[in-house]
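What follows is a short report on a single structure.
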Amino acid sequence: MAIPSSKFDNRKHFGSKQTKQIFQDAKEEREQSSEDLEVHCLRPEFAEDCEVEENDTTESAEDRLEPTEHAAAIDSTGTVLTNHFKLDFADKDFHQYEVLGMRDSEDRMPSREGRRKLMQDFIASCEQLCKERESFEDDGLSLIVSWKDLRESFGLADAENGATLFEKEMTSRDEKDKRTLTLEYRGIVPTVQLLEASKGFTAHFAVEPQDTISADRAKRTISAEHAVNIIIAKSAKASHLGVFQIGRNKFFVDDKRLNPKGDPSKIDLQSGYVAYKGFTFTTKVGMGAPLLNISLATSAFFQPLYVDEFLKESDYDYDALIGTKVKVKYSGITRTIRGFGDSRPQKQMFDFKGSEVSVYEYLRDRKQIDGSLLERIAMSQFPCANVKSDNDPEWFPVEALKILKHQPVKRISGDLTSQMIYVARSDPGPNIHRIFETGLPTLGLNSQDTEGSSLKSSGISFSNEVLEIPARQLSIPHVRYGNLTIQPGARGEVWDLKAPKKFLDTHRSFTGRIMVLVPQHIHSNDDKKTLLQKKMELMVE
């Protein structure tokens with residue numbers, strides 16, 4: 001039902017009577033064609049009845065001030081570039097699987113890195129998964145998405161959702177814990193829904209109560225957007241040795257060969273930090289087609305320094321290192337800093353087989369370490385780092401601990417925030433240039449036509465051109481205050497509420513409901529009872 005432009009008023013048309021009439025018309029299933037539908041922009045009240053300067057020739061007073069079916073006069077039209085690419089899928093199903101049993105014997109979930117290692121070991125222990133490694137990708141946590149039905153590889157082609165395909169008892173790498181991991185089939189990922197939703201067909205989507213979603217999880221799959229993100233991540237990880245991943249969909253560049261001229265991806269910051277530039281991506285429902293959104297990302301990381309060097313650089317910021325992973329120089333093991341003690345290695349005591357010894361004495365007498373390192377530890381003025389709990393500490397000298405590379409900073413100071421804003425700032429032109437020159441190779445998206453690539457074999461393709469959208473520039477409105485009217489920008493004025501400007505009191509207020517209508521293909525004779533119409537019927541009743 002189209003609302004005539006001559007009668008359109010953004011206050012009156014959302015009253016209770018009008019709302020009921022809209023729903024009543026939908027209930028009676030009146031035929032509507034796309035030509036009947038109109039889009040109305042809400043015209044600001046402050047733009048009405050404004051005084052016009054005699055020398056103002058940007059547009060006529062009639063065009064600018066009188067309510068019309070247009071929101072405002074248009075100065076210019078054109079298109080703008082976005083950071084979105086159109087996606088498409090071949091006629092191929094995506095299948096989802098889930099690895100269960102990650103929790104240890106004490107019902108504790110391993111860290112993200114621990115889960116990633118468990119996934120790698122589990123996949124390596126399964127003969128069928130090893131043979132089909134080029135037909136699937138995992139998220140490094142628990143999910144697997146394949147573009148080939150892996151049930152056939154396990155001899156279980158007819159297995160239903162929730163069926164167990166493989167089971168393996170896994171021992172942690174330090175052999176301190178055992179757990180049984182199970183690979184279960186989850187079903188076919190609904191990629192059709194993503195395609196249909198992008199075309200506007202959403203009426204067939206099932207609406208289920210929230211409490212049934214988690215209860216029936218074994219029979220459900222992840223969204224198509226999530227599945228496509230996992231597959232693209234595989235392409236990104238295979239793109240180049242100089243690319244590293246943080247989180248699910250964020251990849252950074254650590255290779256000068258991938259840097260545009262004059263725009264390095266790695267920038268040294270003060271105080272022991274470094275900034276990396278990279279890209280983040282996500283798949284989303286678009287208008288007409290699914291879209292791949294690629295955005296620039298800039299994050300702060302620790303420089304791979306020894307802890308004592310970092311403390312000197314950062315003005316002894318011990319708190320910044322809490323939770324940071326470090327590698328012990330003389331043993332090669334990796335630990336996480338949990339805190340710092342009060343004593344230097346020469347004074348920090350701990351119990352070793354019933355005797356109290358200092359950290360320095362223990363290393364001197366029982367560890368074969370480099371002489372220069374031992375000398376630095378002997379002269380250390382820094383407290384030892386604790387890599388376990390407060391109740392059961394394990395002490396190491398900071399001179400022997402090196403911060404692992406590519407660790408994001410969890411807490412940054414005001415000075416570092418200022419530096420990051422300076423590094424990350426960029427105009428739209430260079431941004432889109434960087435996406436094409438560096439982003440597509442970084443994410444492996446330039447391999448969609450390469451035989452054997454995950455994009456080619458999975459049937460995922462995307463447009464080589466960014467999405468362009470129509471744009472228009474509106475004329476500058478006149479703003480009415482209580483005591484004057486100005487046009488911001490016309491003669492240098494800005495949007496400014498400083499004295500003596502006063503607010504305009506119209507003595508009118510809006511009361512009623514705000515309604516959002518979702519476009520549906522309700523003109524189809526084959527599907528008149530859409531989900532939207534059902535909701536309308538309930539509201540009218």
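The values are calculated or read from the model by the stated rules, or taken from the named source; none is laboratory data. From a predicted model like this one, the values you see are computed outputs, not experimental measurements. Cβ placement follows ideal geometry from the backbone for every residue including glycine, while neighbour counts extend to all protein chains displayed. For accessibility, only protein heavy atoms count, side chains too; no ligands or nucleic acids. Shrake-Rupley method; radii C 1.70, N 1.55, O 1.52, S 1.80 Å.
Structural remarks
- Among residues that are touching a helix residue (DSSP H, G or I) at 6+ places or on another chain (Cβ under 8 Å), open to solvent by 50 Å² or more (accessible area, probe 1.4 Å) and either at pLDDT below 70 or closer than 30 Å to S146 by Cβ (or both), N464 is not included.
- Selected residue (only one of S426, S418, S413, S457 is under 30 Å from P383 (Cα atoms) and hydroxyl-bearing (S, T, Y)): S413
- Sub-9 Å Cβ pairs linking a first residue in region 141-154 that is touching a residue at least 40 places away in the same chain (Cβ under 8 Å) and of a type in the set (F, W, Y) to a second residue that is assigned to a loop (DSSP other than H, G, I, E, B) and surrounded by 19 or more Cβ atoms within 10 Å (Cβ to Cβ), at least 6 apart or interchain, are W147/F94, ordered by first then second residue.
- Selection of region 331-368 for residues being among the acidic types (D, E) and within 14 Å of C384 (Cα to Cα) yields D342, E361.
- Taking the criterion of being of a type outside the set (D, E, K, R) and open to solvent by 70 Å² or more (accessible area, probe 1.4 Å), the only residue of region 335-359 that qualifies is M349.
- Counted as qualifying within region 166-239 are the helices (runs of 4 or more DSSP H) with 2 or more residues that are open to solvent by 50 Å² or more (accessible area, probe 1.4 Å) and at pLDDT below 85, namely 191-198, 210-215.
- The number of residues in region 293-313 that are in contact with a Phe, Trp or Tyr (Cβ under 8 Å, 6 or more places away or on another chain) and part of a loop (DSSP other than H, G, I, E, B) comes to 1.
- Cβ-Cβ distances below 6 Å connect the following pairs, each with a first residue in region 101-125 that is at pLDDT 85 or above, a second residue that is assigned to a helix (DSSP H, G or I), and a separation of six or more residues or different chains: I123/L129.
- None of E152, E98, E127 is open to solvent by 30 Å² or more (accessible area, probe 1.4 Å) and either within 24 Å of T191 (Cβ to Cβ) or within 23 Å of the chain's Cα centre (by Cα) (or both) except E152.
- Selection status of T171, of a type outside the set (D, E) and within 23 Å of the chain's Cα centre (by Cα): no
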